[in-house]
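Participant: Pasting a structure below so you can have a look.
The values are calculated or read from the model by the stated rules, or taken from the named source; none is laboratory data. Bear in mind the structure is a predicted one, so any value in this text is a computation, not a measurement. Glycine also receives a Cβ, built like all others from the backbone with ideal geometry; neighbour counts cover every protein chain displayed. With ligands, DNA and RNA removed, areas are computed over all heavy atoms of the protein, side chains included. Shrake-Rupley method; radii C 1.70, N 1.55, O 1.52, S 1.80 Å.
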Amino acid sequence: MTDKILMKGNEAIAEAAIKAGCRFFFGYPITPQNELPAYMARRLPMEDGVFLQAESEVAAINMVYGAAGAGARVMTSSSSPGISLKQEGISYMAGSELPGVIVNIIRGGPGLGGIQPAQSDYLQATKGGGHGDYRLLVLAPQSVQEAVDLTTEAFELADKYRNPVMILGDGMIGQMMEPVEFGEEISPEDLPKKEWATVGNKDRKPNIINSLSLQAEKLEELNIRLQKKYEKMKEEEVRVETYKTEDADYAIVAFGSMARIALSAIERAREEGVKIGLIRPISLFPYPDQVVGKVAEQVKFMLTVEMSCGQMVEDVRLAANGRCPVYFYGRSGGVVPTSQEIYEKIMELVRGEKE
Amino acid sequence: MKVVAKRPESLMDKPTHYCPGCTHGITHRLVAEVMDEMGIREKTVGVAPVGCAVLAYEYFDCDFQQAAHGRAPAVATGIKRVLPDNFVFTYQGDGDLASIGTAEIVHAAMRGENITTIFINNAIYGMTGGQMAPTTMIGQKTTTSPYGRDSKSAGNPIRVVEMLSTLEGSAYLARVGLFNNKEIKKAKKAIRKAFETQKEGKGFSLVELLSTCPTNWGMNPNEALDWVKSNMVPYYPLGEYRTPEGGDNK
Ligand SMILES: Cc1ncc(C[n+]2csc(CCOP(=O)(O)OP(=O)(O)O)c2C)c(N)n1
Ligand code: SF4
Ligand SMILES: [Mg+2]
């Protein structure tokens, strides 16, 4: 199927999951991602799948845990306050090495916050979120098409690493309508068998899904194994896009819809003769620090733009490692920086730097 | 020589970590015997709680998942929805099921989730060293109710089976006591019925077992069994509260 169809981000993610062989969805209502479970509730029964509205996000993520442990491709989605509730289950999934895809369509926080788009769950998503030494693979789309492509990849990566994967979007990605194209459809029956899954132990020893290790040395072994996995992700799964960085004197770093908005500010600055480029991390974990570090050697400063009070900027600073100043511009609470604001910030920094 | 007490095939051949006189061991055996008799071991997936039975997966010879504290019914729901033809059971204590996991058990029952729950009511948090549970008896001393549970501050004990029996999704609900051989036989019958309920796809089934924790009750095993009979049974009446055929049998 190559026809393009017009779809909302939330619905497109749901359809992409089904096309990736996901037949199980567990969720709890919260704005601004409600279209996703509603789409699943409509579509999954047509595919002999299961949509279940859980009693809470806590229950939903634990249903994901059970279904993943039973060998299925499974998804849950929510928005910030609900994702906070899922952290316990996400930590257990990481500890028990279970694959699964979690969608966070971020809204402004903290607390109940608002329902407008934000990126203020960056730290929660990339640094752990729940307890213990673990990481998620975190993918941040900037368009509906990319949300579709990354959802497909998310299921592959989850199975490849036996690790939960998070799609980190924001209200804009979720609500935006764009033409999309879906890839090959995968049938669950054609997926490789998961030998470790709990499906009944005919002619073999029991399979156990577990994160408990009462012996410190044994638990450390698990942690060492997990760290190796995260190192491998850093080697193999970095996804990043650069735009006009070859000749750049300055660079903006932004992800998700923020990168799209920053792009028009970059074009305008270029028209004014300011050679500025863009680094757009697509995988937030693993973070593209090599690319950021390399560009940092060449530019006079970097400007990180976020829909938050400054979260990813910490990773940009670590990656730049003092090779250039790293500035920050952001709005929060659901207020989205405009390209005009970003343009003005660029020009102000360029002037200051020339003085 | 006639073998009188053989280890069920569904149990591993290894010693458990349970304290002497603790009824967790008996309950494991009863569940395993039912699995043997129904011939369902190879089709069963268990879910272990957080509590003294956290290591249940070490003792049963079947696939197992270990769940976060109180979340076993949600985990079991995920498993059962993927594997509707398998048997799925949770094994949970009273802190796990009736406190932190109240929402999960109520909603699993509400949905009529076709799973079986083995519910160990020992009126205390065993694993963490004897704190008050929602099922702790009025006046019972624990480390967090050192003057005895006071209903004014801590409320009255939860009767789980009665609470769940208001839900249409509960197909089989029974409460049994493990304080003598006759009652242990009844307990096994109830567990069998619970698994049969699941086999027939009738919906949610749960057996509450009034159990002992001699260690944290500060009693020897026999005193503990007597305490179940004389203190717990009057407050937690035994019997079947819901059956697939309809009606109760108390
Ligand atoms: C989220 C969370 N809170 C608290 C604990 C600590 N904890 C471990 S076992 C337990 C109580 C278990 O008591 P119960 O369910 O009655 O089981 P028993 O040991 O009596 O069989 C608690 C509170 C935990 N592991 N996780
Ligand atoms: S602490 Fe209590 S419940 Fe736990 S094993 Fe010992 S006697 Fe049994
Ligand atoms: Mg207990």
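Here is a yes/no grid of residues against (1) aromatic (Phe, Trp, Tyr); (2) open to solvent by 20 Å² or more (accessible area, probe 1.4 Å); (3) within 23 Å of A:Asp149 (Cβ to Cβ); (4) in a loop (DSSP other than H, G, I, E, B):
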position: A:Asp247; (1), (2), (3), (4): no, yes, no, yes
position: A:Ala269; (1), (2), (3), (4): no, no, no, no
position: A:Leu303; (1), (2), (3), (4): no, no, no, no
position: A:Pro337; (1), (2), (3), (4): no, no, no, yes
position: A:Tyr343; (1), (2), (3), (4): yes, yes, no, no
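Participant: Does B:Asn156 qualify as being away from ligand 3 (no atom under 16 Å from the Cβ), among the polar types (S, T, N, Q) and part of a loop (DSSP other than H, G, I, E, B)?
Facilitator: Taking the combined requirement at face value, the residue satisfies it.
Participant: A follow-up question, please. Which ranges mark the helices (runs of 4 or more DSSP H) fully within the stretch B:166-241 that have 3 or more residues being more than 16 Å from ligand 1 (Cβ to nearest atom)?
Facilitator: Counting at least 3 such residues, we get B:181-199, B:221-227.
Participant: Being part of a loop (DSSP other than H, G, I, E, B), charged (D, E, K, R), without any contact (Cβ under 8 Å) to a residue 60 or more places away in the chain and more than 15 Å from ligand 1 (Cβ to nearest atom), is that true of even one residue in the stretch B:35-55?
Facilitator: The answer is no, given that none of the residues of the stretch B:35-55 is part of a loop (DSSP other than H, G, I, E, B), charged (D, E, K, R), without any contact (Cβ under 8 Å) to a residue 60 or more places away in the chain and more than 15 Å from ligand 1 (Cβ to nearest atom).
Participant: Now for a different question. Could you list all residues from the stretch B:94-105 that are away from ligand 2 (no atom under 16 Å from the Cβ) and buried (at least 20 other Cβ atoms within 10 Å of the Cβ)?
Facilitator: Correct list: B:Gly101, B:Glu104, B:Ile105.
Participant: Answer yes if at least one residue in the stretch A:51-64 is more than 8 Å from every other protein chain (Cβ to nearest Cβ) and in contact (Cβ under 8 Å) with a residue 60 or more places away in the chain, and no otherwise.
Facilitator: Checked the stretch A:51-64: no residue is more than 8 Å from every other protein chain (Cβ to nearest Cβ) and in contact (Cβ under 8 Å) with a residue 60 or more places away in the chain.
Participant: Let me ask something additional. When residues of the stretch B:106-135 are filtered for being more than 16 Å from ligand 2 (Cβ to nearest atom), hydrophobic (A, V, I, L, M, F, W, C) and more than 16 Å from the chain's Cα centre (by Cα), how many remain?
Facilitator: Residues in the stretch B:106-135 being more than 16 Å from ligand 2 (Cβ to nearest atom), hydrophobic (A, V, I, L, M, F, W, C) and more than 16 Å from the chain's Cα centre (by Cα): 1 in total.
Participant: Residues B:Tyr57, B:Tyr91: which one is of a type in the set (Phe, Trp, Tyr) and either surrounded by fewer than 24 Cβ atoms within 10 Å (Cβ to Cβ) or within 16 Å of ligand 3 (Cβ to nearest atom) (or both)?
Facilitator: Selected residue: B:Tyr91, the only one of B:Tyr57, B:Tyr91 that is of a type in the set (Phe, Trp, Tyr) and either surrounded by fewer than 24 Cβ atoms within 10 Å (Cβ to Cβ) or within 16 Å of ligand 3 (Cβ to nearest atom) (or both).
Participant: Scan the stretch A:220-238 residue by residue and report those that are surrounded by fewer than 15 Cβ atoms within 10 Å (Cβ to Cβ) and among the aliphatic types (A, V, I, L, M).
Facilitator: Answer for the stretch A:220-238, where residues must be surrounded by fewer than 15 Cβ atoms within 10 Å (Cβ to Cβ) and among the aliphatic types (A, V, I, L, M): just A:Ile224.
Participant: Please name all residue pairs, on different chains or six or more residues apart, with Cβ atoms under 8 Å, provided the first residue is in the stretch B:212-223 and is open to solvent by 70 Å² or more (accessible area, probe 1.4 Å) and within 10 Å of ligand 2 (Cβ to nearest atom) and the second residue is modelled with pLDDT of 95 or more and not hydroxyl-bearing (Ser, Thr, Tyr).
Facilitator: B:Thr215/B:Cys19; B:Thr215/B:Cys22; B:Thr215/B:Gly126; B:Thr215/B:Gly130
Participant: Considering only the stretch B:65-124, how many residues are within 7 Å of chain A (Cβ to nearest Cβ), in contact (Cβ under 8 Å) with a residue 24 or more places away in the chain and touching a strand residue (DSSP E or B) at 6+ places or on another chain (Cβ under 6 Å)?
Facilitator: Within the stretch B:65-124, residues that are within 7 Å of chain A (Cβ to nearest Cβ), in contact (Cβ under 8 Å) with a residue 24 or more places away in the chain and touching a strand residue (DSSP E or B) at 6+ places or on another chain (Cβ under 6 Å) number 4.
Participant: Now for a separate question. Considering (1) in contact with a helix residue (DSSP H, G or I) (Cβ under 9 Å, 6 or more places away or on another chain); (2) open to solvent by 10 Å² or more (accessible area, probe 1.4 Å), say which one A:Ile252 fails and leave the rest.
Facilitator: (2)
Participant: While we're here: Being more than 27 Å from A:Ser120 (Cβ to Cβ) and part of a loop (DSSP other than H, G, I, E, B) is the filter here, so list the residues in the stretch A:146-186 that pass it.
Facilitator: A:Arg162, A:Glu181, A:Phe182, A:Gly183, A:Glu184, A:Glu185, A:Ile186, listed by residue number.
Participant: Residues in the stretch A:89-113 that are within 24 Å of A:Lys194 (Cα to Cα) and under 18 Å from the mean Cα position of the chain (by Cα): how many?
Facilitator: 11
Each row is one residue, and each column tells you yes or no for (1) open to solvent by 50 Å² or more (accessible area, probe 1.4 Å); (2) closer than 23 Å to A:Lys234 by Cα; (3) assigned by TED's automatic domain parsing to the domain that holds A:Thr76.
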{"residue": "A:Val101", "(1), (2), (3)": "no, yes, yes"}
{"residue": "A:Ala118", "(1), (2), (3)": "no, no, yes"}
{"residue": "A:Leu137", "(1), (2), (3)": "no, yes, yes"}
{"residue": "A:Glu153", "(1), (2), (3)": "yes, yes, yes"}
{"residue": "A:Arg162", "(1), (2), (3)": "yes, yes, yes"}
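Participant: What tally of residues in the stretch A:323-355 results from selecting those that are over 27 Å from the mean Cα position of the chain (by Cα) and small (Gly, Ala, Ser)?
Facilitator: The number of residues fulfilling the criteria is 1.
Participant: Does any residue of the stretch B:166-179 turn out to be more than 12 Å from chain A (Cβ to nearest Cβ), open to solvent by 10 Å² or more (accessible area, probe 1.4 Å), farther than 30 Å from B:Lys43 by Cβ and more than 16 Å from ligand 2 (Cβ to nearest atom)?
Facilitator: Yes, some residue in the stretch B:166-179 is more than 12 Å from chain A (Cβ to nearest Cβ), open to solvent by 10 Å² or more (accessible area, probe 1.4 Å), farther than 30 Å from B:Lys43 by Cβ and more than 16 Å from ligand 2 (Cβ to nearest atom).
Participant: If only one of B:Met163, B:Met127, B:Met110 is within 13 Å of ligand 1 (Cβ to nearest atom) and open to solvent by 10 Å² or more (accessible area, probe 1.4 Å), which one is it?
Facilitator: On the way: B:Met163 fails: within 13 Å of ligand 1 (Cβ to nearest atom); B:Met110 fails: within 13 Å of ligand 1 (Cβ to nearest atom).
One residue alone meets the criteria, B:Met127.
Participant: Against the condition part of a helix (DSSP H, G or I), over 25 Å from B:Lys189 (Cα atoms) and away from ligand 3 (no atom under 14 Å from the Cβ), how does B:His107 come out, does it pass?
Facilitator: Spelling it out, B:His107 is indeed part of a helix (DSSP H, G or I), over 25 Å from B:Lys189 (Cα atoms) and away from ligand 3 (no atom under 14 Å from the Cβ).
Participant: Assess whether B:Gly148 counts as being at pLDDT 95 or above and over 24 Å from B:Gly246 (Cα atoms).
Facilitator: Details: at pLDDT 95 or above: yes; over 24 Å from B:Gly246 (Cα atoms): yes.
Against the criterion (at pLDDT 95 or above and over 24 Å from B:Gly246 (Cα atoms)), B:Gly148 qualifies.
Participant: Further question: Can you give me the number of residues within the stretch A:65-99 that are touching a strand residue (DSSP E or B) at 6+ places or on another chain (Cβ under 6 Å) and either among the charged types (D, E, K, R) or not assigned by TED's automatic domain parsing to the domain that holds A:Asp48 (or both)?
Facilitator: 0
Participant: Then there is this: For the stretch A:23-86, which fully contained strands (runs of 3 or more DSSP E) count at least 3 residues that are open to solvent by less than 10 Å² (accessible area, probe 1.4 Å) and over 23 Å from A:Glu195 (Cα atoms)?
Facilitator: A:74-78
Participant: Collect the residues in the stretch A:207-245 that are part of a helix (DSSP H, G or I) and either touching a residue at least 40 places away in the same chain (Cβ under 8 Å) or under 20 Å from the mean Cα position of the chain (by Cα) (or both), keeping them in residue-number order.
Facilitator: Hits for the stretch A:207-245 are A:Leu222, A:Asn223, A:Leu226, A:Gln227, A:Lys229, A:Tyr230, A:Glu231, A:Lys232, A:Met233, A:Lys234, A:Glu235, A:Glu236.
Participant: While we're here: Within the stretch B:4-34, count every residue that is part of a helix (DSSP H, G or I) and touching a residue at least 24 places away in the same chain (Cβ under 8 Å). Outline the logic, then answer.
Facilitator: The first filter runs over the stretch B:4-34 and keeps only residues part of a helix (DSSP H, G or I), leaving B:24-34.
Within this subset, residues satisfying the condition of being touching a residue at least 24 places away in the same chain (Cβ under 8 Å) are B:24, B:26-28, B:30-34.
Residues meeting the conditions: 9.
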